[in-house]
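What follows is calculated from the coordinates using simple rules that are stated; it is not laboratory data. As the structure is a prediction and not an experimental result, all values here were calculated from the model. Neighbour counts run over all protein chains shown; Cβ positions are idealised from the backbone, glycine included.
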Amino acid sequence: MTGSSSGSGSSSCGACKFLRRRCTNECVFTPYFCYSEGAHHFAAVHKVFGASNVSKLLMKLPLQDRSEAAITISYEALARMQDPIYGCVAQILALEQQVAILQEEIEQLTNYMAYVPFGDLLNYESFQEIGDLNAGLPLSFQFNNTIINDHLVKPTNDHNANFF
């Protein structure tokens, strides 16, 4: 969809559809809002920043920077619609918290590995204590025992089981 002057609704960009105007070849929004969710995203952009302000901003930018700017503006507007107080900052803070939790988990695992004799690293029983490492962590961040267990030699009563 390349913004034509034919006047048909299907050739309008998301911005022009939302603004209910005819999309022309000179439309600054056409390259950035011609996709299935374009009108929805532009509605958020218009409500948060205003169509005129965004148009002026895009026109001031070099052509090669406009696409990234439109994506960023859309993202920030959608985030602001979901969280009017913090906007995308809430998502940034959540990601920073997730990084901190994962870094703590790496530190715990590194400390655990430092105190386990090398021969025991491949031993199934040594990983039974992983539950202690998971204490206090949200379920989504807990160390996944099952992935490790699939690759360890598990003790069995049948001594021939390790040969097959």
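Value of Rg to Rh for the range 51-96, rounded to two decimals, is 1.07; Kirkwood radius and Rg both from alpha-carbon coordinates.
Using a Förster distance of 22 Å, how high is the FRET efficiency between residue 36 and residue 97, based on the Cβ-Cβ distance and rounded to 0.05? Could you put the intermediate results ahead of the total?
Numbers: r = 33 Å, r/R0 = 1.48.
After rounding, the FRET efficiency stands at 0.10.
Fully extending the segment from residue 108 to residue 26, taken as 0.36 nm per residue of separation minus the present Cα-Cα distance, adds 23.8 nm.
Work through the residues other than residue 76 whose Cβ is under 13 Å from its Cβ and net out their charges, Lys, Arg +1 and Asp, Glu -1. Walk me through the numbers before you get to the answer.
Values: positive: 47, 80; negative: 68, 83.
Every neighbour counted, the sum reads 0.
For the peptides 106-113, 33-40, 86-93, the ranking by mean Cβ contacts within 10 Å, running from highest to lowest, is 33-40, 86-93, 106-113. Counted by Cβ distance under 14 Å from residue 55, the other residues give a net charge of +3, where Lys and Arg count +1 and Asp and Glu count -1.
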